[in-house]
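Accompanying notes for the structure given below.
Nothing in this text is a laboratory measurement; each read-out follows from the coordinates by a stated rule. A quick note: this is a predicted structure, and the numbers were derived from the prediction, not measured. With ideal geometry, Cβ positions are generated from the backbone for all residues, glycine too; neighbour counts draw on all protein chains shown.
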Amino acid sequence: MNEWVIELRNVSKAYAAHPVLRNVNLQVRAGEFLTLLGPSGCGKTTILRLLAGFEPADGGEILIGGQDMRTLPPEQRQVNTVFQSYALFPHLTVFENVAFGPRLKRIRGEALRDQVMEALRMVKLEDLAGRRPGQLSGGQQQRVAMARAVVNRPRVLLLDEPLSALDYKLRKAMQLELKQLQRRLGITFIFVTHDQEEALSMSDRVAVMNAGRIEQFGTPRQIYEAPENLFVARFVGEINNLPGRVVVAAPPRYDIRLHDRVVNLKSSRVFGIGDRVNLLIRPEDVRIWREWEGSAEERAALFPAMVEEVIYKGSTVDLALRLDSGDALSTTQFFNEDDQALMNLDFREGERVFVDWVHDWETILPHEE
Amino acid sequence: MKPRGAIQIAYLVLIYGFLYLPILVLIVYSFNDAKYSLEWRGVTWTWYRNLLDDPDLLQAALNSVLIAALSATVATGIGALAAVALYRYEFFGKPLLQGLIFVLMMTPDIVMGIALLILFASLSLPLGFWTLLLAHITFNIPFVVVTVLSRISGFDRHLLEAAKDLGATEFQTVRRIVLPLLMPAVAAGWLLSFTLSMDDVMVSFFVTGPTFEILPLKIYSMARLGVTPEINALCAMMLGATLILILVAQLLLLRGRS
């Protein structure tokens, strides 16, 4: 019994000698919401196209439901695609668009009507069954594309940046709807996006891709809190990067010198004395003391810094700081009703502050250029 | 401001006068009640009535319509499929074929007429209906290909992938998606071919024989003895028919685009 509904083994693909996928391995569980996240050109859409069967892989194996897909054309695969452009048939009504798949399976009459209308009800479009795609809004077209795909009850639904053409508010609403739809149907979703927020909020697991490789594969939490390399750390959310050097190694604890200061930190990775490392800290994990806060000895353990810019964002205030060591540091401060001193966050540009971070929430990675 | 406006108007009047005055004169004189004179002698339907009473002329018109309809139909079938093939598949010699289609469009009619004549003669085909039909199909095909190709190139390529993704075979994709979407361009291509075929003189002159007379050649031979009001009337009728066809073709293309 194979627990993977989809398995990629050492899959590679090149366009005109330009590699787009390099030995990609990927395993997807049945019923999972999996997101391929990466910048444009990283190969995420190519994986979808290989799974759908629009293009053959150059090397490696692609299994769907344990079955090798090599010789199976797209029309015989139990996967359906929601295209970025939706690709609705402009000459057919909404009903006929959705009925396209079932009709090819020789479903007729009452049964056809029931299936199509159920799919349209699911995306709340049953009133618009008689319209043409050209008469619908972007969000409605998106739903038709969804209905047209799920009506076939595929094992896996492939979604190629389906929300990218929608405006911010609609996109938020559709994210929620998609997630609910996926739970209700129990179909495996493979979702492609370059929007990290979308990836984190919707997925069970995320594969972060770069230059044809999967850089990290894990839950949104793992990806965000424990990035495995600098690319993932930088691509998913904002992060501060402080260069340091290991001075005392006593795994799992290390003394790391950051400029003129030494901090004792924990890491599951193994470093040697003298190794250069990157200390990665999320802006929201940075804590700030203002000049009149804390005692002198408390302050001695903190990093002095200067406020360079104050960006008011409504629910947060973002600060761009310059440490005395010269490194830049960005922070996000939440309005906090319990903390009177920080409550109004009325930082001034040029103000002197003292910072540190919630220790052990940082990530330590070997140095990369 | 004012002199410039006057110049603009004069310029437009000259251009449109140059383009359309001859046609207007022809139509007006087709109603002139005088056999040989350019002098205006009042309105009459005589010339139109004479035309409809002339069995030879009617036969030629019928032949022309027959050739136009048949050649347009065959050319549309071949041309539309060629356009689909050029869009959809990669094959050996594709750039060459695409180039040849344009060469065929640009070839002077007289060259094509003589070339076809030599071909038919060397195959010892008797000149007449069949040779004429073959020739008209030949020069119509590129126009259909270009019309259909320009529409098909505007397609979202994902449409075809979507059809396959939903379970359609290659044949089902062409029948249910490609052909319905191409219908307006196919119809426009047919009408264009029909019109081209209806008024072709040059190629037809070389490839038809005495057994099969078509309207443009008939007019040509009538005009050699002097332009009679009947010819005016005939040309006016052909112009009317052509305009209607072009109008329908344009409407079809517009409707397909929206």
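Note: relative contact order over chain B, using C-alpha pairs below 8 Å and six or more positions apart, is 32 percent.
Can you sort A:CYS42, B:CYS235 by how many other beta carbons sit within 10 Å, fewest first?
Details: A:CYS42 24, B:CYS235 18.
Fewest-to-most Cβ neighbours within 10 Å comes out as B:CYS235, A:CYS42.
So what is the calculated 222 nm ellipticity per residue for chain B, using -39500 (n - 2.57) for each DSSP H run with n of 4 or more, over all residues, to the nearest 500 deg cm²/dmol? Don't jump to the answer; show the numbers that get you there.
On the way: 12 runs with 197 residues, N = 258.
The per-residue figure over chain B is -25500 deg cm²/dmol.
Shown for A:GLU61, B:GLU161, A:GLU228, B:GLU39: other C-beta atoms within 10 Å of each C-beta, ranked fewest to most, produce the order B:GLU39, A:GLU61, A:GLU228, B:GLU161.
Assuming R0 = 51 Å, can you tell me the calculated FRET efficiency for the pair A:ARG121 and B:ILE244, based on Cβ-Cβ distance, to the nearest 0.05? Efficiency at R0 = 51 Å is approximately 0.60. Please work out whether the stretch B:1-94 counts as rounded, prolate or oblate from its C-alpha gyration tensor, where a ≥ b ≥ c are the square roots of the eigenvalues and a/c under 1.5 means rounded, while otherwise a/b larger than b/c means prolate and anything else oblate? Judged from the Cα gyration tensor, the stretch B:1-94 comes out oblate (a/c at least 1.5, b/c at or above a/b).
Would you work out if the stretch B:123-258 is rounded, prolate or oblate? Take a ≥ b ≥ c from the square roots of the eigenvalues of the alpha-carbon gyration tensor; rounded if a/c is under 1.5, else prolate when a/b is larger than b/c, oblate otherwise.
Values: a/c = 4.39, a/b = 2.01, b/c = 2.18.
It comes out oblate by the Cα gyration axes.
Equivalent ellipsoid semi-axes for the stretch A:71-167, as square roots of 5 times the alpha carbon gyration tensor eigenvalues: give them largest first, rounded to whole Å. Please list the in-between numbers first.
On the way: eigenvalues 75, 65, 24 Å².
Semi-axis lengths for the stretch A:71-167 are 19, 18, 11 Å.
Convex hull volume per residue, computed on the Cα atoms of the protein assembly as shown, equals 290 Å³.
For the stretch B:1-59, the list of trypsin sites (Lys or Arg not before Pro) that fall in a loop by DSSP and count at most 11 other C-beta atoms within 10 angstrom reads B:LYS35, B:ARG41. Across the stretch A:289-302, coupling constants 3J(HN,Hα) worked out from phi with the 6.51/-1.76/1.60 Karplus curve, θ = phi - 60°, read 10, 8, 4, 8, 9, x, 8, 4, 6, 4, 5, 4, 8, 9 Hz, and Gly and Pro carry x.
Across peptide B:151-163, the mean count of Cβ atoms from other chains lying within 10 Å of each residue's own Cβ comes to 5.
For A:TYR168 and A:ASP114 in one chain, what is 0.36 nm times their gap in residues minus the Cα-Cα distance, to one decimal in nm? Walk me through the numbers before you get to the answer.
Details: separation 54, 0.36 × 54 = 19.44 nm, distance 3.35 nm.
Gain on extension, A:TYR168 to A:ASP114, equals 16.1 nm.
Mean projection of the Cα convex hull over all viewing directions, computed for chain B: 20.4 nm².
The stretch A:34-135: which trypsin sites (Lys or Arg not before Pro) are DSSP loop and have at most 16 other beta-carbon atoms within 10 angstrom? List each step's numbers first, then the result.
Details: sites: A:LYS44, A:ARG49, A:ARG70, A:ARG77, A:ARG103, A:LYS105, A:ARG106, A:ARG108, A:ARG113, A:ARG121, A:LYS124, A:ARG131; in loops: A:ARG70, A:ARG77, A:LYS105, A:ARG106, A:ARG108, A:LYS124, A:ARG131.
Sparse-neighbourhood loop trypsin sites (Lys or Arg not before Pro): A:ARG70, A:LYS105, A:ARG106, A:ARG108, A:LYS124, A:ARG131.
Looking at the stretch A:134-216, none of the trypsin sites (Lys or Arg not before Pro) sits in a DSSP loop with at most 14 other Cβ atoms within 10 Å of its own Cβ. Taking 7 Å steps out from each Cα toward its Cβ at B:ALA121 and B:LEU251 produces label points 4.6 nm apart. Cα gyration tensor of the stretch A:211-324, axes a ≥ b ≥ c as square roots of the eigenvalues: rounded (a/c below 1.5), prolate (a/b > b/c) or oblate? Judged from the Cα gyration tensor, the stretch A:211-324 comes out oblate (a/c at least 1.5, b/c at or above a/b). 3J(HN,Hα) along the stretch B:209-214: x, x, 7, 9, 9, 10 Hz, from the Karplus curve 6.51 cos²θ - 1.76 cosθ + 1.60 with θ = phi - 60°, whole Hz, x for Gly and Pro. Computed over the alpha carbons of chain A, Rg followed by Dmax gives 25.3, 82 Å.
In plain terms, the residue of B:HIS158, A:HIS359 with the fewest other Cβ atoms within 10 Å comes first and the most crowded comes last, giving A:HIS359, B:HIS158.
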